[in-house]
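Only the coordinates and a few stated rules stand behind these numbers; no lab work does. These numbers were taken from a predicted model, which means no experiment stands behind them. Here the Cβ positions follow ideal geometry from the backbone for every residue, glycine too, while neighbour counts run over all protein chains shown.
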Amino acid sequence: MMKVSYLYMVATTGVLFSLVTLSFQYKHLLSALLSLEVMTLSLFILLISISANFNFEGPMCLILITMGACEASLGLAILVSLIRTHGNDYVSSFSSQKC
């Protein structure tokens, strides 16, 4: 029988909770960005727990944490520019026709 680690279960639960949180975040853009960041960190932990038996965990972890840092900085830059142009971070005030 396959042994499932607790780290794998915690990371899977974190990914599922972040997906649920992301689907319910419709008011503020910052809350949606935070749930995306939690999903990235949970996927990072999930990758570590899955590839603990293989010798490939180093490069994949480096790639994923680099992508997570890029995603966080890009999301924050977009949030700051939207707040400067629109004055708030409400998702309902954004329109694709204004761009």
- line: For region 59-86, pairs from a residue that is at negative phi and free of Cβ contacts under 8 Å to residues at least 24 places away in the same chain to a residue that is of a type outside the set (A, V, I, L, M, F, W, C) and not in a helix (DSSP H, G or I), with Cβ under 8 Å and 6 or more apart or across chains, are ILE83/ASP89
message: Take the residues in region 39-64 that are out of contact with any Leu (no Cβ under 9 Å at 6 or more places or on another chain) and of a type outside the set (S, T, N, Q); name whichever of them is surrounded by the most Cβ atoms within 10 Å (Cβ to Cβ).
response: LEU41
- prompt: List, please: which pairs have Cβ atoms under 8 Å, are six or more places apart or on different chains, and start with a residue in region 4-17 that is over 15 Å from MET39 (Cα atoms) and end with one that is among the hydroxyl-bearing types (Ser, Thr, Tyr) and not in a helix (DSSP H, G or I)?
  reply: none
